[in-house]
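Encoded as structure tokens, the structure appears first; notes follow it.
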Amino acid sequence: MNKPIPVSDFHAYPDVHGRFADYGGIYMPETLMPPLEELTAAYLALRDDPEFIAEFERDLKHYVGRPSPIYHAERLSKKIGGAQILLKREDLNHTGAHKINNTIGQALVARRMGKRRIIAETGAGQHGVATATVCARFGLDCIVYMGAVDIERQKINVFRMKLLGAEVVPVVSGSKTLKDALNEAMRDWVTNVADTFYIIGTVAGPHPYPMMVRDFNAVVGREARAQMLEQYGRLPDVLTACVGGGSNAIGLFHAFLNDREVAMVGAEAAGEGIETGRHAASLAAGRRGVLHGNRTYVICDDQGQITETHSISAGLDYPGVGPEHAFLKDSGRASYVGITDDEAMAAFHELARTEGILAALESSHAIAQAIKLARSMPKDQLILCNLSGRGDKDVQTIAAHEGITL
Amino acid sequence: MTERIEQRFAELRKHGRKGLIPFVTAGDPIPDATVAIMHALVAAGADLIELGVPYSDPVADGPTIQHSSERAIARGVGIERILAWVAEFRATDATTPIVLMGYLNPIEIYGYARFAEQARAAGVDGVLIVDVPVEESGSVERLRDAGIRQIFLVAPTTTELRLAAIRKQAQGFVYYVSFAGITGATQLDPVEVRRRVDHIKQGGDIPVAVGFGVRDAATAVTVSASADAVVIGSALVARLAEAEDAESAVSVARDFLAPIREALDLAAAA
């Protein structure tokens, strides 16, 4: 539909207005514009502050447990019989996913800005848990907005957040899921703007969030790039990662964006199949629009109303996607494909049986894509797949999906 | 013909009156009653009508307008029908300005060129797109080019620098959000509102309407002391939601607005 945009330096984005070419920006009510400006200024200053960087890196190392290894899934690769599949083990981080990279970063920004009240939205509960975790770690008040439907689906994560001292507020408006939790968090912020810091969990939302969340997760790709050179003496041929809002994918992709020989494929949730309409593949099957403060690809009807999405993986169940991914799609730098619930489930089992790793259902989409790609690639090629989270949280969903009573 | 908003504020100023701006969600509570409700509001003293374009994700709105939008969407209300209602209203009311208030995505998906042309033809005078701040107003350039006024919000958090930028782009009037919060909340601080509105007016002669937190004659009178107009939305939308048929919706609208009009005129004359 759109002609690819020639880009000389992918690291030059976003511009000062938070735009990634045609995407991103700040589409927010006036009340929140000054606090967003304040946040942008504070973050840009901290980004270059050696003390802040050292503080962030110290926590990544000693609290999160970084660097996370790159693991060669040898038995899986052998079974597929094509390219070698390497896993970036973000599932080994504290709290079990990449999400903590971002929440630590933002909590440190909040602390520097003197904000003691933290709010967050969560879908599956992973970002909520990661936020509650860092709030406990830094002694900050934590309020997590969560759709009433999701609260019912994710009882264990709700309890986990409460154990960590967070207040979980059920959201009963709209579809009672992630997008509505985001709306409600925005409403809280607009009301309590003076003392409150909003920790957004993905690379969406208004500027500076897509940039800031990316920067905090970009440690994944920086590490991976160095590890590839050290362990394999070269860069991978392809990167794969799952894309809901897109934070783990941009985290892995970003350091490699100017390495044009490295291909990148994002795996979106095709749910029950894109043709059924029950999916969450904003890039593969959505259209250009505006949602939650940025211009991007969205899933909406002909009246511009955001529609309900579907994925077996709650973390991918979102009708928008980070603006940088929209930009990478249009520029042709990355491609985005849909992986169905069934394909993700099959990949989950394959990895569990061949490597002894239970992947999160989100990450299982990336594994499925890696397996698909490996089949048609020669054995000496390398696919680096972001194993963004562990699957312990999903065992109940998987049991229910397969008709098993625990 | 495209200057209804300016004319209306000039008339108000000339007669020493305060503007009364009711907000109703288009198509709620009964889609076919919208035009009749608009006429009833004018008969009860409305100077300008804000017609809400329902959206699935209204981040600046409280529960009353959220639910009202959900009801309208469930009944299939979209831009095409709303513009048809505006045209129908215009057939018998050539002077009352109409401002569409809503969020960007429905207009984006409808198409800017198509929206601009059809909205103008229908008799829409302005738009207030809640999630389009001055920085992003390039998105809606085509609407401005078509003569549709761009109404911007000013908030208690708005800085001097931003206020200057808003003044430069504002058309028709500016809408001062009386407190940092969502529509329908009740945190009005009259002294602070007065201070801010006076400050906004010092920098130019664009009229200032005040909204958020105005819910009855008393709050309307308080706010109108400094403002050129008051906007009243959630309280009216909540009343309308209880109406069982078109006829009762029309009388609810009239009975709600008339005493506010009376109180505003009494206060202005005093």
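The values are calculated or read from the model by the stated rules, or taken from the named source; none is laboratory data. These figures come from a predicted structure and were not determined experimentally. Ideal geometry is used to build each Cβ from the backbone, glycine not excepted, and the neighbour counts take in all protein chains shown.
A few remarks follow.
- Counting only strands (runs of 3 or more DSSP E) that fall entirely inside the range A:259-298 and contain at least 3 residues that are within 14 Å of chain B (Cβ to nearest Cβ), the qualifying elements are A:287-291, A:294-298.
- Subset tally (residues that are over 14 Å from A:Tyr71 (Cβ atoms) and over 22 Å from the mean Cα position of the chain (by Cα)) for the range A:347-376: 7
- Matching entry among B:Ile73, B:Ile65, B:Ile107, B:Ile49 (being at the interface with chain A (Cβ under 10 Å from one of its Cβ atoms), among the β-branched types (Val, Ile, Thr), buried (at least 18 other Cβ atoms within 10 Å of the Cβ) and touching a helix residue (DSSP H, G or I) at 6+ places or on another chain (Cβ under 9 Å)): B:Ile107
- Restricting attention to the range B:90-126, the residues that are among the aliphatic types (A, V, I, L, M) and under 19 Å from B:Ile232 (Cα atoms) total 4.
- The number of residues in the range A:212-241 that are in a helix (DSSP H, G or I), among the aliphatic types (A, V, I, L, M) and within 27 Å of A:Gly18 (Cβ to Cβ) comes to 5.
- With respect to the stated conditions, A:Leu32 fails to be crowded, with 20+ Cβ neighbours inside 10 Å, assigned to a strand (DSSP E or B), modelled with pLDDT of 95 or more and not charged (D, E, K, R).
- Condition check for A:Ala181: of a type outside the set (S, T, N, Q) and assigned to a loop (DSSP other than H, G, I, E, B): no
- Residues located in the range A:154-172, provided they are surrounded by fewer than 20 Cβ atoms within 10 Å (Cβ to Cβ) and modelled with pLDDT under 90: A:Lys155, A:Ile156
- Candidate set from the range A:24-50 (those that are among the hydroxyl-bearing types (Ser, Thr, Tyr) and within 12 Å of another protein chain (Cβ to nearest Cβ)); member that is nearest to A:Ala110 (Cα to Cα): A:Thr40
- Search result, residues across the range A:181-227 that are of a type in the set (Phe, Trp, Tyr) and over 13 Å from A:Arg117 (Cα atoms): A:Tyr209, A:Phe216
- Residues of the range B:162-174 classified as out of contact with any Pro (no Cβ under 7 Å at 6 or more places or on another chain) and either facing chain A (nearest Cβ under 7 Å) or closer than 15 Å to A:Leu32 by Cα (or both), total: 2
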